[in-house]
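Some notes on the structure that comes next.
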Amino acid sequence: MRHRRGLEVLKPPICDCIADDIANELAPALRQSGKTQGRAGISKLGQPIVRAKLYMAAVVAKTHNPAISRFCQRLLDQGKPRLVAIVASMRKLLHIAWGVIRSGKPFDPNIALA
């Protein structure tokens, strides 16, 4: 069985998850019990393939997309951990993709930073 790559794999799950509830895919999951507070991680709700594809897209976008790199740098300057910045970038990419799909217009980094 050959693996499908790129948009063919990502497009149907993204459209489905955004239509249902975009927040469920990358919502933070708090780990706490009583007075013990752990670190927050990614919720395991949603489709794992979407998380995997968005993680790699966010890592690449952090280097090559000026809108995402500035967004990540702003979070890192605020003292957020590196992985939190990447997960926030994943969510930002998901919102950008939904905006491009919904509007039918090409990606504009000036709008993405607004």
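Miscellaneous remarks
- Note on 75, 45: ascending count of other Cβ atoms within 10 Å places them as 45, 75, the fewest first.
- Which of 64, 95 has the fewest Cβ neighbours within 10 Å, and the rest in rising order: 64, 95
- Under-5 Å amide H pairs with residue 42, H placed in peptide plane, nonlocal only: 29
- Listing 56, 90 from fewest to most neighbouring C-beta atoms within 10 Å gives 56, 90.
Any read-out appearing in this document is the output of simple, stated calculations on the displayed coordinates, not a laboratory observation. Remember, predicted model here, so these are calculated numbers, not experimental data. As a convention, Cβ positions derive from the backbone with ideal geometry for all residues, glycine included, and neighbour counts pool all protein chains shown.
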